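Laboratory data are not the source of any read-out in this text; all were calculated from the coordinates shown. On a predicted model such as this, the values are computed, not experimentally measured, just so you know. Cβ: placed from backbone, ideal geometry, glycine included. Neighbour counts: every protein chain shown.
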Amino acid sequence: MQDMPENAFKEEAYELLSELEDSLLELEDNPEDAELVGKVFRAMHTIKGSGAMFGFSSIAEFTHEVETVYDLVRNKKILVDKILIELSLKARDHILSLLNCQKEDEQQAVQNGLTLVSQFKALANSVVPSSEKINTHQESNSPHPKDQQSELITYRIRFKPNRDILHNGTNLSQLLDELAAMGTSRVIAHRSNLVALDELLPEDCYMSWDIILSTDQGEDAIRDVFIFVEDDCELTIRTVSTGGEDDNFEQKRLGDILIERGDISQEVIDTVLAKSKRIGEMLVEANLVSQSDIESALIEQQEVRKVVEKRKQERSDKTPAVSSLRVPVQRLDELVNLVGEMVTVQSRLSQTAALSGEVELQAIAEEVERLTEELRDTTLNIRMLPIGSTFNKFKRLVRDIASDLHKEVDFQTVGAETELDKTVIEQLNDPLVHIIRNSMDHGIEMPDVREAAGKPRAGTVYLSAEPAGDSVIIEIRDDGKGLNAEVLREKAISKGIISADDTLSDNECYQLIFAAGFSTAEKVSGLSGRGVGMDVVKRAIDGLRGTISLESNLGVGTTLKLRIPLTLAIIESLLVKIGNNSFVLPLSVVEECIELTRADIEEVHGRCLVNVRGHLIPYIPLRQTFAIEGELPAIQQVVIAQVNGQKLGFVVDNVIGEHQTVIKTLGPLYRDVNTVSGGTILGDGSIALIIDLMQLMKQAALEETSK
């Protein structure tokens, strides 16, 4: 029963730790920013409180030490410097390790953090008088430290849990205790939903509560208390007094409060007021409200009268209700698979309707096709995430690598809002890490070297993303020393990658860095020198059906551009036929289709070249490549595609047209077939293979070289 709330806590904690890391890195650049300090403090406070609630006591106790220090930072008793940021980032990493460790390893993980605990305690005790030295066990349950807000505001909190909230192991009393620790609170329990004893289920919750809370911490802090149960309850938080002179709560009568809370209507009040008894007694006697409702309203009336004497503060805007829903990734994957099956069935329906000649059936098929396309687009959009979540991870990476290399690096990102499929983003992480590490290790020079060359001491690594049709262009650029084509060539010769007789252009020399085992590092380090890196990047990008290009200017810098498809599940493609076999080509790389006659072949003396508006473009005859027998048609078709920056033709018998392709893997038996990246099911139930144009081009180049 505890698994669900623990998982909910972990998911929220991972998000908070990610935000915490971003805030700390921003705070390092803006140490005087009080808002950033507040964000760090609130993240620590939420992790601590929620960790204690769900049984992660080691996380709660450790985080309390960090929270204590940042409370002193907020009160201007400790200044933010690089030492504090470094310590805080290590603390963030330690919390993550505590979150991920198994129960049997928890004690060892706690021991690993004792040095950090002592360092944070030393920071806190350095500014606190000896009579007030910090004690973790005494302070861990103390009232919440003050937030940016300093004046008392009274809130009405109506908390109505779902009946099954206790099934998740949620401890409601801890929620109420945490609210009580935030200020002065009065709790009124509503028992109107209680059932007879023989009908009562011990695991169900029949209670709801009104809490009248006077606090100086603000509505956000109150909502943080309910952060893990907000989907399992009805929760309303309303400001009933700001303590300002314009509140006029002394004039607010009991009936006014009941109406404002929605417990009763004005018409009923008017009817009851015609009698002579006190309104509360009359409403209870008439069974219009419960005694607990009257008690709650009276307590609220008393509390706001106390607050009205305190300082005035402008009422803050109410936080909007949560409009998002957390769904397990597995369910999204299942939904995408089902939509893929739907697309296949819809294709069969359209084909059957066209062959039948039934007008009404064709109309239904067209409507189903329209709805299926909308469903497909909507479902794929659900899995689309901003790539900024990945970009933000690299800020820490750049900071740590720059520190290890003793270099100064300015990391800039653009286009973080660009969206990609969740699966694509996950697979992009490792290639981008390799590229950024290489840029900093091999590209960016040491500060003194840069200064001597007339450059700023701090180098720049620039990471950007922009949409491009059904793809995204990701650019990684640095202003370092660039690539030396001659050095690359000599290194490749020494490693036996090329021979001394090979003549390569500068661009071809640059491409050598993608060769397996190639490295220009003089010695092996923690970052480079083992010849593993850019070849891994190339394979990973190829696996995503993407392309990679590289440009470099000696002394100016290097730029890598990745073109990545938006999704790997369903693609727009071009369906072609060779004999009785069907094949699919990704439409994103196709530029045009032209005819190839026997006269055209004779004109170039049988060479695999086609004349396209005065330009000779090489082509690959796919019938020959896949060893498909049969007589050649009098007129073949050449599909001209842009592959890795080069134009290349692919000869087929017939071009059928555009096709929505649901990608299916071929299974382990075909893992060594590198010219085919998958398959798809056509409308008539037959199979079409998806051609890997990149691998075909590589294979053709190798065959040409071996001749």
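Key figures
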{"item": "Trypsin sites (Lys or Arg not before Pro) within the stretch 565-656, DSSP loop, no more than 13 other Cβ atoms inside 10 Å", "result": "Arg607, Arg613"}
{"item": "Segments 374-381, 470-477 sorted - mean Cβ within 10 Å per residue, highest first", "result": "470-477, 374-381"}
{"item": "For peptides 384-397, 152-165, sequence by mean Cβ density within 10 Å, most packed first", "result": "152-165, 384-397"}
{"item": "Given Lys121/Lys393; Lys395/Lys664; Lys39/Lys103, the pairs whose alpha carbons are separated by over 32 Å", "result": "Lys395/Lys664"}
{"item": "Peptides ranked, highest mean first, by Cβ atoms within 10 Å: ranges 428-439, 548-559", "result": "428-439, 548-559"}
{"item": "Neighbourhood charge, 13 Å Cβ-Cβ cut-off, centred on Val652 and excluding it, Lys, Arg +1 and Asp, Glu -1", "result": "0"}
{"item": "20 Å reach of a label modelled at Val329, 7 Å along Cα-to-Cβ, counting backbone N of the stretch 83-122", "result": "96-102"}
{"item": "Neighbourhood charge, 13 Å Cβ-Cβ cut-off, centred on Tyr206 and excluding it, Lys, Arg +1 and Asp, Glu -1", "result": "-1"}
{"item": "Straight-distance crosslink candidates among aspartates and glutamates, where the alpha carbon sits under 18 Å from Lys77 and sequence neighbours closer than 8 are dropped", "result": "Glu28, Glu32, Asp33, Glu35, Glu65, Glu67, Glu132, Asp147"}
{"item": "Spacing of the two label points (7 Å from each Cα toward its C-beta) at Arg186 and Glu629, in nm", "result": "9.5"}
{"item": "FRET efficiency, Asp506 to Glu267 (Cβ-Cβ, R0 56 Å, nearest 0.05)", "result": "0.05"}
{"item": "Segment Lys103-Asn162, extension gain: residue separation times 0.36 nm, minus the distance between their alpha carbons", "result": "18.2 nm"}
{"item": "Net charge of Cβ neighbours under 14 Å - reference Leu596; Lys, Arg +1; Asp, Glu -1", "result": "-3"}
{"item": "Rounded Å value of the spacing that divides the Cα centres of the stretch 180-207 and the stretch 431-495", "result": "63"}
{"item": "Proximal aspartates and glutamates relative to Lys481, as straight alpha-carbon distance under 12 Å, when same-chain residues fewer than 8 apart are discounted", "result": "Asp441, Glu445"}
